[in-house]
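Below is one structure, written out as structure tokens; the observations come after it.
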Amino acid sequence: MRASEVMIADPIVAAAGATSAEVATLMRTRNISVVPVVDNPKDRRYLGTISDRDIVARCVGAGHDPTDCSATDHARNDTPVVKPDTEMKGYRLPKQLDPTDHHVRSTIVVVDGQRGVVGFIPHPEEVQGIVIS
């Protein structure tokens, strides 16, 4: 089973220049909790991943104004990245990406050869064959 078979193709993304407040609005209106951050909506080169928790804990909780912070200011760089043809059966994924934050859950971003976001696996724990360890 390849990543391309289990990913959400052409996922919703946040542009690097979007504010944390704009990303939060995007998440609320689309009913999602995490998005890849890209350089721009056309090229979609992957820069990181931001979740609603990142906005709350790293932006608002740190006393920052979410209308002044960009998506890249609080995006994570520890999200696993794979290619569409990556074999997912037996793919090992750490149970806890961030040892300082027990609430972070794993997601997987799927990119092409130019690191353009082409897919997203938001719940890898639900994909048979992926090993969470």
The answer for I32, listing residues at least 5 apart or on another chain whose modeled amide H is closer than 5 Å to its amide H, is none
The answer for T86, listing residues at least 5 apart or on another chain whose modeled amide H is closer than 5 Å to its amide H, is A3, S4
With θ set to phi - 60°, apply the Karplus curve 6.51 cos²θ - 1.76 cosθ + 1.60 along the range 64-76 and write out the HN-Hα couplings as whole Hz, x wherever there is a Gly or Pro.
-> 7, 8, x, 7, 9, 8, 8, 4, 6, 4, 10, 6, 8
Once phi for every residue in the range 86-92 is put through the Karplus expression 6.51 cos²θ - 1.76 cosθ + 1.60 (θ = phi - 60°), the whole-Hz ³J(HN,Hα) values, with Gly and Pro written as x, are 5, 6, 8, 5, x, 5, 9
Only one of the values (i) 44, 34, 28; (ii) 42, 34, 23; (iii) 65, 27, 22 was calculated from this structure for Cα extents along the principal axes in Å; name its label.
-> (ii)
Inter-probe distance in nm under a simple model that places probes 7 Å from Cα toward Cβ, at S33 and I8 | 1.2 nm
How high is the FRET efficiency from M1 to D52, r the C-beta distance, R0 35 Å, rounded to 0.05?
-> 0.75
Rounded to the nearest 10 degrees, what's the angle between the helix 20-30 long axis and the longest principal axis of the chain, both from Cα atoms, 0 to 90?
-> 50 degrees
For G119, which sequence-distant residues (separation of 5 or more, or a different chain) have an amide H within less than 5 Å of its own amide H, given hydrogens modelled in the peptide plane?
-> D10, V110
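Since every read-out is calculated from the coordinates, none of them should be taken as a lab result. Keep in mind the model is a prediction, meaning the values are calculated, not measured. A quick note on method: Cβ atoms are made from the backbone with ideal geometry, for glycine too, and the neighbour counts reach across all protein chains shown.
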